[in-house]
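Throughout, read-outs are computed from the coordinates displayed, never taken from laboratory work. All of these numbers come straight from a predicted model, not from anything done at the bench. In this analysis, Cβ positions are derived from the backbone assuming ideal geometry, glycine residues included, and neighbour counts consider all displayed protein chains.
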Protein chains: 2
Amino acid sequence: VLAPPSNARLKAVRRLSRRTIRERDREFLAEGPQVIREALAAGASSRVLDLFVAESELDRHRQIVDDAVAAGIDVHLTPTRVLAQLSDTTTPQGLLARCRFEKWRLDAVMNPAMRMVAVLANVRDPGNAGTIVRTADAAGADAVVLSAESVDLYNPKCVRATTGSLFHLPVVVGSPIAVVVDAARVAGLRILAADGAGPVDLDDELDSGRLASPTAWFFGNEASGLPADLRDLADAVVRVPIHGRAESLNLAAAAAVCLYASARAQRRLP
Amino acid sequence: VLAPPSNARLKAVRRLSRRTIRERDREFLAEGPQVIREALAAGASSRVLDLFVAESELDRHRQIVDDAVAAGIDVHLTPTRVLAQLSDTTTPQGLLARCRFEKWRLDAVMNPAMRMVAVLANVRDPGNAGTIVRTADAAGADAVVLSAESVDLYNPKCVRATTGSLFHLPVVVGSPIAVVVDAARVAGLRILAADGAGPVDLDDELDSGRLASPTAWFFGNEASGLPADLRDLADAVVRVPIHGRAESLNLAAAAAVCLYASARAQRRLP
């Protein structure tokens, strides 16, 4: 039998709409069945502190609720209207979790056994950032780094776009770009900066065999591109070729092409 | 000297928020400098019927306004508040165009000289649809088809996500999937259906050399995937391999990987 949430619990959720509180308390909100299912399935149920399900959506989310109860998570049957007010979306899905965030340390995560890391150098759009975390997970990256210059990983839009991948692999946040570059070098990774105006064609990189090396891919800002000093520090500044008339690719699409090119080079090519 | 828009012009814009009116009048709205710059640059200025610029943003958009005036387009200096009300976005950029849409005919567009076509079989999300149009343009596709089962190309969110690529290459709308499949066969294209659960690995397709053939790529719905009959009709149902723990890729990211794999096979591999 599920009980309604106390006012104190609801208050704890409301506070997490503020980034400063999220960082102080090391908690964040995950919304919708996809992210929460992944949190439970990924053996990350210890990271789910509370689960709120809308009264009207209980039947639809029954399996997730049962799994959460079995994992010992506090599940709160919440008036649908109350949960909608806590939602970040215009079409709430009736499921919200308060989660603990894992504080991954850059120096502990980066190591010489790594083959691929995706670094968001100064990505500002939460949808792009979350999608790149998801794509890096799919492409088999060992870790993702969001530099201090990038959007907050725990922004609700970003969490949603990861569709749970932030529970699948280490995602380091908060290190300045220059520190990430140093850590990547120490770990023996080749540093590739993705830039639409880069001098090196991604297909040439593939043909050369160099993409098979352990690689840290750096992705820049949607509007302003990569910081100039990062371009100087990189081993190569690589462009996805534009064969047609488009001026550029969407950042998340370009990242998908780059990360999958590396995955192919490392896993398939002779 | 720019004049303010008449009430009749403003009314003509407001009406275009409705799909039925867009289709009846064969007009749509394009918003923001990126799309409008592309419309003018792509030699598509004859498709721009009216340009509305916010009084407060005239200096910022001066170059576009000058280009539009030079191309003989009616430019209207519009009260900022009025233009904001016409905008589809929460952060209007002060630039809106009423455009004519080109009615591309499927049978005229599909032809045996084509090498790559992207087909949105039943894509519902306007952001994904527009991003795939942009990516197909970048990857050098000859055309894009949005089947009748897909979202409206001229939805404002979709137009914005194309960042102007809908002015760069033929985009056919309104044909049922089965008709598109037939037309692709007649044009001699291999029919590849992208599906996360497909039996064929994209890397195997690349290794086999088959991806170098002229290809129509079909992309399905974000939630429900491809229609089952399309899976049966395809020459191969291809998955982008998932090397990590993500359950799936974002549709637009998967499309980017598929289209660029074809571009590489056709342009680079021996």
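Starting from the label point of residue A:26 at 7 Å along Cα→Cβ, the same points in the other copies fall at 6.3 nm, in ascending order.
Annotation: for a label point projected 7 angstrom from Cα along Cα→Cβ of residue A:14, residues of the range A:134-173 with backbone N closer than 20 Å are A:156.
Amide H contacts of residue A:50: A:98, each under 5 Å away and 5 or more positions distant or on a separate chain (H built 1.01 Å from N in the peptide plane; Pro and chain starts excluded). Each of the trypsin sites (Lys or Arg not before Pro) that DSSP puts in a loop and that has at most 14 other Cβ atoms within 10 Å breaks chain B; the longest unbroken stretch is B:106-267. Sorted from closest to farthest, the other copies place their residue A:90 label points 1.0 nm away, with each point set 7 Å from Cα along Cα→Cβ.
Computed from backbone phi, the HN-Hα couplings of the range A:12-23 come to 4, 6, 4, 4, 6, 6, 9, 4, 4, 5, 4, 6 Hz, rounded to whole numbers (Karplus: 6.51 cos²θ - 1.76 cosθ + 1.60, θ = phi - 60°; Gly and Pro given as x).
Does the range B:1-55 come out rounded, prolate or oblate by the C-alpha gyration tensor, with a ≥ b ≥ c the root eigenvalues, rounded set by a/c under 1.5 and, if not, prolate when a/b is larger than b/c and oblate if not? It is oblate, given that a/c is not under 1.5 and a/b is not larger than b/c. Rg/Rh, computed from the Cα trace of chain B with Rh as the Kirkwood radius, has the value 1.02. Contact order, relative form, for the range A:1-122: 34 percent (alpha carbon pairs under 8 Å, 6 or more residues apart, mean separation divided by residue count).
Assign one of three labels to the range B:114-158, namely rounded, prolate or oblate, based on the Cα gyration tensor with a ≥ b ≥ c the square roots of its eigenvalues; rounded applies when a/c is under 1.5, prolate when it is not and a/b is larger than b/c, and oblate otherwise. It comes out oblate by the Cα gyration axes. The eigenvalues of the Cα gyration tensor, multiplied by 5 and square-rooted, give the range B:153-214 an equivalent ellipsoid with semi-axes of 27, 17, 13 Å from largest to smallest.
In nanometres and ascending order, the distances from the residue A:124 label point to those of the other copies are 3.3 (point 7 Å from Cα along Cα→Cβ). Scanning residues 5 or more positions from residue B:201 or on other chains, those with amide H under 5 Å from its amide H are B:239, with H placed 1.01 Å from N in the peptide plane.
For the range A:207-270, the relative contact order is 54 percent, taking Cα pairs closer than 8 Å that sit 6 or more residues apart in sequence and dividing their mean separation by the residue count. Using the Cβ-Cβ distance between residue A:1 and residue A:100 with R0 set to 25 Å, the FRET efficiency from 1/(1 + (r/R0)^6) comes to roughly 0.45. Taking every DSSP beta bridge that has both ends in the range B:1-157, the antiparallel portion is near 50%.
Per residue of peptide A:137-149, the mean number of Cβ atoms on other chains within 10 Å of the residue Cβ is 3. For the peptide A:234-242, the mean number of other protein chain Cβ atoms found within 10 angstrom of a residue's Cβ is 2. Per residue of A:177-185, other chain Cβ atoms within 10 Å of the residue Cβ number 0 on average.
Computed over the Cα atoms of the range A:89-134, the ratio of the radius of gyration to the Kirkwood radius (Rg/Rh) comes to 1.07. Relative contact order, whole percent, for chain A stands at 19, derived from Cα pairs under 8 Å and 6 or more residues apart.
With R₀ set to 25 Å, the beta-carbon distance separating residue A:208 from residue B:207 gives a calculated FRET efficiency near 0.85.
Counting neighbouring beta carbons within 10 Å and listing from fewest to most, the residues B:21, A:36, A:64, A:132 come out as B:21, A:64, A:36, A:132.
Equivalent-ellipsoid semi-axes for the protein assembly as shown (Cα gyration tensor, √(5λ), whole Å, largest first): 36, 30, 25. With respect to the axis relating copies B and A by rotation, the chain B residue whose beta carbon is closest, plus that distance in Å, is B:256, 2. Shown here: the range A:5-132, whose C-alpha atoms stretch 49, 29, 25 Å along the first, second and third principal axes, sorted largest to smallest.
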